[in-house]
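The values are calculated or read from the model by the stated rules, or taken from the named source; none is laboratory data. Just so it is clear, the model here is predicted, and its values are computed rather than measured. FYI the Cβ positions are ideal-geometry reconstructions off the backbone, even for glycines, and counts take in every protein chain you see. Remember, those area values only see protein heavy atoms, side chains included, never the ligands or the DNA or RNA. Shrake-Rupley method; radii C 1.70, N 1.55, O 1.52, S 1.80 Å.
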Amino acid sequence: MLVFSFIMGFAMGGRLAMIFLVTIPLLGVGLILVIRAAMPIFRRVFRKYDALNDSVQENVQAMRVVKSYVREDYEKKKFGAAAEDVCKDFTRAERIMALNSPMMQFCVYAGMVFVLSYGSYEIITSRGLTVNVGQMSAIVTYSFQILMSLMMLSMVFVMITMSMESMERIVEVLSEESSLKSPENAVTEVKDGSIDFDNVSFKYSKTAERMALADVDLHIKSGEVIGILGGTGSSKSTLIQLIPRLYDVTEGCVKVGGVDVRRYDLETLRNNVAVVLQKNVLFSGTIKDNLRWGNPNATDEEMLEACKLAQADEFIQQFPDKYDTWIEQGGSNVSGGQKQRLCIARALMKKPKVLILDDSTSAVDTRTDALIRQGFRDFIPETTKIIIAQRVASVQDADRIIVMDGGRINAIGTHEELLANNPIYREVYTSQNKAGEQDGEA
């Protein structure tokens, strides 16, 4: 409508339409200035929305903590202050955007005043020879159409300006590419579950001053049971996350089945290395749906076998719907121990060559923990099993135990060897056994 009215204004109005060559560029410049002033404010507002949403999310997730510490009033005030800050910035941005409408109407109506006054003068002085009444009437009509078009166009610009920041944030996520990619001519078969760390060092950031792992030299045979023990921050989890290539080493190389993990097709590697992480996550859906994350084509018999091995079948059978029991988002309707056992069963569904349990039996009792480890020995002897634990009891029957300290391997040996020769292991074992004896006496 804007283009059509502009063309017809010149075709019908002649010299009177020259006013459009003045008003429309003025409007364009004004609109650009308004957008340039408002965009930084909208960008700042959306960042503040992030902080506001974080505050809400924290309070919902930590509702019981807030209540137990009687911090409701404090959190409400904090939220109110953040919301008021957002409101002020948003109001300021809207005030700037609101200048668009009066500026546009002023230009168009000023143009109409010029058309009416100058057109009337031309009609009277030239007696309708230069400009006639019909031309002036057409210019007035097209001016109204241009006004309506510009009003709609300005609304579109306002919407685009407000949504530009959201669009950039969404595109930033969608266009992000992983730095970990499968190489050309990637290896698509993992021979066995042997693992080799050859002089491995690793840091999470290129600018980090300290290595999270340093000078790790470790060789694990296929089918071995390896226990990993160490204090908080000793980089136990970092060590095992290099195996399925969740991160790439900074120095040295990690091999699985005799091949550098960077040469594998990522899907192949991760299908053969199953990891049950510290933070166990279950998805909304039935127990069967969650188990089939490990193998989409698994039969009921395979699911039953995996759950028996993970000591999960016992409590699943107690549910009214058994394996069709609905799991809420995050597994909120099952206990921590049940969640861990379901996650172990899910990992077993992959039938991996390497199984890694990252402190994933911490919420189960010692008897169940022992049954799970015994099941691994009896039913998946060819699978390499790496068990990270805080309890000595969870790793003491492993073929070898690795003691981590400060991102380095402090010692490697059997339970008896470490108990005799390693002070860190001996201290952990003694403190845990004393605590157990004291609990028994109590």
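Using a 1.4 Å probe, what is the accessible area per residue for the chain, in Å²?
It amounts to 56 Å² per residue over the chain.
Got a sec? Charge dipole of the chain, +1 on Cβ for Lys and Arg, -1 for Asp and Glu; which of Leu26, Ala37, Ile424 is way out at the positive end?
Ranked along the dipole, the leading option is Leu26.
Can you tell me, using C-alpha contacts under 8 Å and at least 6 residues apart, the relative contact order of segment 35-135 as a whole percent?
Relative contact order of segment 35-135: 33 percent.
Please report the spacing between the Cα centers of segment 163-192 and segment 21-46 in Å, no decimals.
Their Cα centres are 36 Å away from one another.
Relative to the present Cα-Cα distance, how much length would full extension add between Arg127 and Tyr204 at 0.36 nm per residue of separation?
Contour length minus Cα-Cα distance gives 19.2 nm.
Once amide H atoms are placed 1.01 Å from N in the peptide plane, what residues at a sequence separation of 5 or more from Ile243, or on another chain, have their amide H within under 5 Å of its amide H?
The answer is none.
What helices in the chain pass both tests, a Cα length along the helix axis of 24 Å or more and a mean Kyte hydropathy of -0.5 or higher, using whole DSSP H runs?
Going by DSSP H runs, the hits are 20-61, 100-126, 133-174.
Which percent of Cα pairs goes in each bin when the distances of segment 191-316 are cut into 5 angstrom slices starting at zero?
The calculated distribution, bin by bin, is 2, 9, 16, 19, 17, 15, 11, 7, 4, 1, 0.
So what is the relative contact order of the chain, in percent, for Cα pairs below 8 Å that sit 6 or more residues apart?
Computed over the chain, the figure is 15 percent.
Among Lys236/Lys339; Lys48/Lys206; Lys181/Lys279; Lys67/Lys322; Lys48/Lys339; Lys67/Lys339, which pairs are too far apart, with a Cα-Cα distance over 32 Å?
Table pairs above 32 Å Cα-Cα are Lys67/Lys322; Lys48/Lys339.
Tell me the carbon and sulfur percent of the accessible area for segment 159-226, rounded to whole percent, probe radius 1.4 Å.
52 percent
So if I restrict to the alpha-carbon atoms in the chain, what is the Rg, and what is Dmax, the biggest pairwise distance, in Å?
Rg then Dmax for the chain, in Å: 35.0, 119.
Tell me what the chain gives for mean residue ellipticity at 222 nm when only DSSP H runs of n ≥ 4 count, each as -39,500 (n - 2.57), the sum divided by the residue total, rounded to 500 deg cm²/dmol.
About -18000 deg cm²/dmol.
Magnitude of the Cβ-charge dipole of segment 268-335, K/R +1 and D/E -1, about the Cα centre, nearest 20 debye?
340 debye
Taking 7 Å along the Cα-to-C-beta vector as the label spot, tell me the Thr188-Phe315 distance in nanometres, rounded to one decimal.
Here the modelled spin labels are 4.0 nm apart.
Name the chymotrypsin sites (Phe, Trp or Tyr not before Pro) in segment 52-143 that are in a loop by DSSP and that have at most 11 other C-beta atoms within 10 Å, would you?
Answer in residue order: Tyr69.
Which value in nm describes the separation of the simple spin-label points at Trp326 and Val113, placed 7 Å from the Cα toward the beta carbon?
6.7 nm
With just the Cα atoms defining each centre, how far is segment 235-270 from segment 318-355? Give it in Å.
Centre-to-centre distance over Cα atoms comes out at 26 Å.
Report the charge-dipole magnitude of the chain in Debye, nearest 20, computed about the Cα centre from +1 at each Lys and Arg Cβ and -1 at each Asp and Glu Cβ.
Dipole magnitude for the chain comes out near 1800 debye.
Please return the longest range in the chain lying between exposed loop sites, taking GluC sites (Glu not before Pro), DSSP loop only, at most 14 other beta-carbon atoms within 10 Å, and leaving the sites out.
The segment 1-175 is the longest one with no such site.
Go through Ser126, Phe106, Phe90 and say which Cα lies farthest out towards the positive end of the charge dipole of segment 76-201; charges sit on Cβ, +1 for Lys and Arg, -1 for Asp and Glu.
Ser126
For segment 1-59, with all protein chains present and a 1.4 Å probe, just round the carbon and sulfur fraction of the accessible area to a whole percent.
The nonpolar share, carbon plus sulfur, comes to 72 percent.
How would you classify segment 11-137 from its alpha-carbon gyration tensor, with a ≥ b ≥ c the square roots of the eigenvalues: rounded for a/c under 1.5, else prolate if a/b is greater than b/c, otherwise oblate?
prolate
Taking 0.36 nm per intervening residue step and subtracting the Cα-Cα distance, what contour gain separates Lys67 from Gln105 on full extension?
Gain on extension, Lys67 to Gln105, equals 8.2 nm.
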